[in-house]
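Right, one structure below, let's go through it.
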Amino acid sequence: MPGVFVAVGALLVALAVDRWWGEPPARWHPVVWMGNALERCAPWVLPSSVAQPADMRDWNAFGRGAVAWLALAVLVVAVAGVVQGALLRLPDLLAAVLLGLALKPLLAWRMLRTEVLAVEAALQDSLEQGRERLGWLVSRDVSQLTASQVRESAIESLAENLNDSVVAPLFWFVLLGLPGAALYRLANTADAMWGYRGVYQGRRWEWAGKWAARVDDGLSWLPARLTAAALALVGGGVPPRALVREAGHTPSPNSGWPMAAMALALGVCLHKPGVYALNRTGRAPQTADTERALLLATNGLVALVSIALTAIFSVALLRYLGGSA
């Protein structure tokens with residue numbers, strides 16, 4: 001594990017690089033590499049010729065999905081561990097900078113903000129352009145969404161991905177270093193590509209992607225609730241009972257938490273037609289709510305990073321006091 005100075009420095013460098021430079025080119029992006037590896041494994045995990053009934057338990061597909069995921073996880077953790085180990089042999093300042101550069105591609109706060117703002121800007125031009133731009137951000141069918149539903153989907157994606165793309169990778173970095181952050185991004189990417197309940201791109205992923213979906217659920221469980229708590233706090237004190245109630249309305253055990261916190265903090269209703277409605281009595285979101293949502297997300301992230309830094313320094317202080325006693 002990195003020392004206190006290196007860990008704090010790496011975290012701050014990663015956030016600074018994300019703020020000022022954004023994403024590296026795709027050919028150098030480790031999350032893109034993970035996606036390419038998962039895509040190459042997909043035909044073996046679930047051949048397109050396999051067409052099982054929706055209610056059939058396909059344990060063979062489940063096993064292949066689990067084996068492929070575990071193999072990639074071992075590779076990702078091993079590579080990240082080797083990189084971190086090599087960097088920690090360098091002087092602390094250089095190690096912090098280079099470790100921060102290695103951590104940066106595993107989080108994507110600037111890109112998330114940019115995409116949400118782009119949806120709102122496109123929506124101001126026309127509903128069709130808003131739908132098209134939203135299609136870059138979400139995997140659902142956007143062709144029939146109203147202007148309000150386009151905005152709701154963008155705000156939902158902001159809240160959900162605040163956890164998936166920023167908070168959770170940082171959470172696992174603080175706990176387990178670069179291998180922890182890399183493992184989480186593999187799990188989240190695998191869930192996004194394989195964790196479908198129905199047919200996707202000619203393959204029925206219900207069982208083949210179940211392992212990937214469940215691991216992502218487990219790794220996201222605590223970060224999602226921390227994200228929701230931060231949004232609730234900076235949003236003016238969302239009642240905990242209301243947050244718990246609304247979070248339970250979504251099929252996902254995790255994504256409902258930050259989305260519900262955002263809906264309650266903004267006073268709007270966020271819903272996916274035919275699936276859920278969060279803060280049902282809230283109003284429809286307006287243009288200004290997108291900016292308010294981004295401000296809440298920014299403040300929530302700042303609060304969580306501050307807590308993480310405090311925790312790191314507190315642990316370091318306790319170790320120092322224990323060693324000097």
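The values are calculated or read from the model by the stated rules, or taken from the named source; none is laboratory data. Keep in mind it's a predicted model, so treat the numbers as computed, not measured. As a convention, Cβ positions derive from the backbone with ideal geometry for all residues, glycine included, and neighbour counts pool all protein chains shown.
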Report summary line: Taking first residues from the stretch 12-26 that are under 14 Å from Ser165 (Cα atoms) and second residues anywhere that are of a type in the set (S, T, N, Q), the pairs with Cβ under 8 Å that are 6 or more apart or on different chains are Gly22/Thr114
Query raised in the report: Can you spot a residue in the stretch 71-79 that is part of a loop (DSSP other than H, G, I, E, B) and either under 28 Å from Gly209 (Cβ atoms) or without any contact (Cβ under 8 Å) to a residue 40 or more places away in the chain (or both)?
Result: no
Query raised in the report: Under the condition of being outside any helix (DSSP H, G or I) and touching a residue at least 24 places away in the same chain (Cβ under 8 Å), which residue from the stretch 218-238 is farthest from Ala61 (Cα to Cα)?
Result: Gly236
Query raised in the report: What number of residues within the stretch 281-325 are under 13 Å from Glu152 (Cα atoms) and in contact with a Gly (Cβ under 6 Å, 6 or more places away or on another chain)?
Result: 1
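Would you check if there is a residue in the stretch 290-306 being touching a strand residue (DSSP E or B) at 6+ places or on another chain (Cβ under 6 Å) and either within 30 Å of Val4 (Cβ to Cβ) or surrounded by fewer than 17 Cβ atoms within 10 Å (Cβ to Cβ) (or both)?
First, pick out the residues of the stretch 290-306 that are touching a strand residue (DSSP E or B) at 6+ places or on another chain (Cβ under 6 Å): none.
No - not one qualifying residue is present in the stretch 290-306.
Would a scan of the stretch 87-106 turn up a residue that is under 21 Å from Trp33 (Cβ atoms), of a type in the set (D, E, K, R) and crowded, with 17+ Cβ neighbours inside 10 Å?
Looking through the stretch 87-106, at least one residue is under 21 Å from Trp33 (Cβ atoms), of a type in the set (D, E, K, R) and crowded, with 17+ Cβ neighbours inside 10 Å.
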Query raised in the report: Taking the condition buried (at least 22 other Cβ atoms within 10 Å of the Cβ), farther than 26 Å from Pro2 by Cα, touching a residue at least 24 places away in the same chain (Cβ under 8 Å) and not β-branched (Val, Ile, Thr), does Trp207 pass?
Result: no
Query raised in the report: From Val244, Val215, which residue is more than 25 Å from Asn299 (Cβ to Cβ), aliphatic (A, V, I, L, M), part of a helix (DSSP H, G or I) and modelled with pLDDT of 95 or more?
Result: Val215
